[in-house]
Every structure is written in structure tokens, then in C-alpha cells.
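K.L.:
Here's a structure for you.
The values are calculated or read from the model by the stated rules, or taken from the named source; none is laboratory data. Quantities reported herein were computed from a predicted structural model and do not represent experimental measurements. Because the Cβ atoms are built from the backbone with ideal geometry, glycine has one as well, and the counts that use them run over all protein chains shown. For accessibility, only protein heavy atoms count, side chains too; no ligands or nucleic acids. Shrake-Rupley method; radii C 1.70, N 1.55, O 1.52, S 1.80 Å.
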Amino acid sequence: MATETELKLQLAAAHIGRLRRNRVLSNSVRTDVNIENLYFDSADWLLQRHRMALRVRQINGRWVQTLKTSSESRVVGRRGELETPARLVRGRGTIDLAQLSESPLPQLLAKQDGSVKLKPVFRTQVQRSQWTVEHGGAQIEVALDVGEI
């Protein structure tokens, strides 16, 4: 399972153009993609209570599932991330628990009484603008998501 370090910020809609014109970003290559995410959890929010997130994402016509594990912070965090192909059902992506067998999720589900059913809990649709910035020998991904939950 890979580890990601993530900093999330909220930007007022009035400042989106200013961000896009930023000198550092304007010197980097920008890609734009449409992303649809479907997040899963149990009726009693088991994953959220254990600081996990499970989603299926369609990006560039491809469906992937991602499990993110706990982070100490909701703003800046280092969290585990496992991304695998999603199972396709009638042309749409859905979770495939077999692909997550090496993650902490099966252990968490096994501790329950067997009645836990993961179901879709919310959907996001965003237009993502993404830049890769080189700074001090590091590669930094800057992503701007504009959309709806």
C-alpha cells in the first residue's frame, strides 16, 4: 500500500481564475479531466469511524477503486492508499473486495457480526485541473477540483 501526503485547501469560486494564472502553475503543464467518484460505507458509517474511505472513480473512461486509510489530520495527512481496478457491472464500476485482500479493510469487516453491507453513500462529479510542479528536487501535484457532491 502506497503512502500519500496530502494538503487540502478550499478556494472561493471568485479566486479560481487567479489560481489558474499563478506564475508557478502557468510554467507547468496543465491537464484537465472529468472525474466521477462514488463513495461507499456501511449504514452506520463504519469506514468513516475508522478513518477510511472507499471509492470507485471513473477517470478518462477507466474505472478504479481506491481505499484510503487513516490519517491524523483531515487537512494535512499521510495516509495509506491502495488503488486497483474496479469491477465492472453493466458498464459501471463497483467495489471488488477481493482486490483489497492485502489491505486493512478485510480485517475490519471480519471483526463485525457479518451483517455489514457496503453501499454507495455519496457521489462527486468534478472537473479537475492538474499541474505537476518541480520544486527543490520534489514533484508536487497541484489539483483544482471544481464540481458537486
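K.L.:
Out of all the residues in region 79-108, which are more than 26 Å from Gly61 (Cα to Cα) and either hydroxyl-bearing (Ser, Thr, Tyr) or free of Cβ contacts under 8 Å to residues at least 12 places away in the same chain (or both)?
P.N.:
Pro106, Gln107
K.L.:
Of everything in region 112-126, what is at pLDDT 90 or above and over 14 Å from the mean Cα position of the chain (by Cα)? Give them in sequence order.
P.N.:
Correct list: Lys117, Leu118, Lys119, Pro120, Val121.
K.L.:
Cβ-Cβ under 7 Å, sequence separation 6+ or interchain: first residue in region 51-62 and outside any strand (DSSP E or B), partner modelled with pLDDT of 90 or more and surrounded by fewer than 18 Cβ atoms within 10 Å (Cβ to Cβ). Which pairs?
P.N.:
Asn60/Val33
K.L.:
Right, here's the next one. Does Ala14 satisfy the criteria of being in a helix (DSSP H, G or I), modelled with pLDDT under 95 and among the hydrophobic types (A, V, I, L, M, F, W, C)?
P.N.:
Spelling it out, it is not the case that Ala14 is in a helix (DSSP H, G or I), modelled with pLDDT under 95 and among the hydrophobic types (A, V, I, L, M, F, W, C).
K.L.:
Taking region 90-107 as the search range and keeping residues that are of a type outside the set (S, T, N, Q) and more than 20 Å from the chain's Cα centre (by Cα), which one is modelled with the highest pLDDT?
P.N.:
Arg90
K.L.:
Please tell me if Arg74 is closer than 30 Å to Leu19 by Cα and modelled with pLDDT of 90 or more.
P.N.:
No, not satisfied.
K.L.:
Moving on to the next point. Please find, within region 41-63, the residue that is surrounded by the fewest Cβ atoms within 10 Å (Cβ to Cβ) out of those that are out of contact with any Ser or Thr (no Cβ under 8 Å at 6 or more places or on another chain) and farther than 27 Å from Ser115 by Cβ.
P.N.:
Filtering region 41-63 for residues that are out of contact with any Ser or Thr (no Cβ under 8 Å at 6 or more places or on another chain) and farther than 27 Å from Ser115 by Cβ, the one surrounded by the fewest Cβ atoms within 10 Å (Cβ to Cβ) comes out as Gly61.
K.L.:
Output the residues belonging to region 1-35 that are closer than 30 Å to Gly91 by Cβ and open to solvent by less than 30 Å² (accessible area, probe 1.4 Å).
P.N.:
Val33, Ile35
K.L.:
Another one. Applying the selection to region 133-146, what residues are in contact (Cβ under 8 Å) with a residue 60 or more places away in the chain and surrounded by 13 or more Cβ atoms within 10 Å (Cβ to Cβ)?
P.N.:
Across region 133-146, the qualifying residues are Val133, Val142, Leu144, Asp145.
K.L.:
Just the residues that are in a strand (DSSP E or B), polar (S, T, N, Q) and open to solvent by 50 Å² or more (accessible area, probe 1.4 Å), please, taken from region 91-129.
P.N.:
Of everything in region 91-129, those that are in a strand (DSSP E or B), polar (S, T, N, Q) and open to solvent by 50 Å² or more (accessible area, probe 1.4 Å) turn out to be Gln125, Gln127.
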